[in-house]
Amino acid sequence: MEAKIRDREAQPRLTSEHVWRHIAKASFAVLSHVTPSGEPRSSGVVYRTLGRRLYVAVAPDSWKARHIAINGRVSLTVPVRRGGVLALLIPIPPATVSLHGNAIVHPAGSPQVAPLLEELGSLLPAERRASAAIIEIEPQGAFVTYGVGVSLAKMRDPASARARVPVT
């Protein structure tokens, strides 16, 4: 028991900045929301971070755009690749960063979208820039992580692999 406590104390603390770096490096996440009738929905999205916000381009008539515009609450889980070359030899599950937040759907052609389009360049093909809606996600509360900032061996121990880090 004492060794476990000492080992946990020796680990560097996971910081919000560390988590944001992992989020910014990745580009794929699972975005979840609730339909107007209360049904949960999840789908894979490609995103980009700008400052402390995440942006997703969607078709303006998509379920995501329509449902998120009504409620504005979302959750997002970002898989974080682990294992390097070792992952080619044995299956290694990714670490994860999960968050919840407020989302705003900016309609295609709105004044808020125009300045973002240049920043989101590679996220959106040129032919879709004029027609895409942009979902802006502002994380709230805390990041919930699993396996971020710990060794692969520590990922086997849920108590060592889990963390809650305030969103700043």
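The values are calculated or read from the model by the stated rules, or taken from the named source; none is laboratory data. None of these values were measured; they are calculated from a predicted model. Cβ coordinates were reconstructed from backbone atoms using ideal geometry, including for glycine residues, and neighbour counts include every protein chain displayed. Quick note on the areas: whole protein, heavy atoms, side chains included, nothing else; ligands and nucleic acids left out. Shrake-Rupley method; radii C 1.70, N 1.55, O 1.52, S 1.80 Å.
Can you tell me which residue is nearest to residue 117 (Cα to Cα) among those in region 78-94 that are of a type in the set (Val, Ile, Thr) and buried (at least 16 other Cβ atoms within 10 Å of the Cβ)? Filtering region 78-94 for residues that are of a type in the set (Val, Ile, Thr) and buried (at least 16 other Cβ atoms within 10 Å of the Cβ), the one nearest to residue 117 (Cα to Cα) comes out as 78. Residue pairs whose Cβ atoms lie under 7 Å apart, separated by 6 or more positions or on different chains, with the first residue in region 14-37 and among the polar types (S, T, N, Q) and the second open to solvent by less than 70 Å² (accessible area, probe 1.4 Å), are 15/165; 16/165; 16/167; 27/47; 32/74; 32/75; 35/67. Just to be sure before I move on: is residue 128 at pLDDT 95 or above and open to solvent by 60 Å² or more (accessible area, probe 1.4 Å) in the structure I sent? Answer is no for this residue.
Here residue 60 clears all of (1) surrounded by 15 or more Cβ atoms within 10 Å (Cβ to Cβ); (2) over 14 Å from the mean Cα position of the chain (by Cα); (3) at pLDDT 95 or above except the condition numbered (3).
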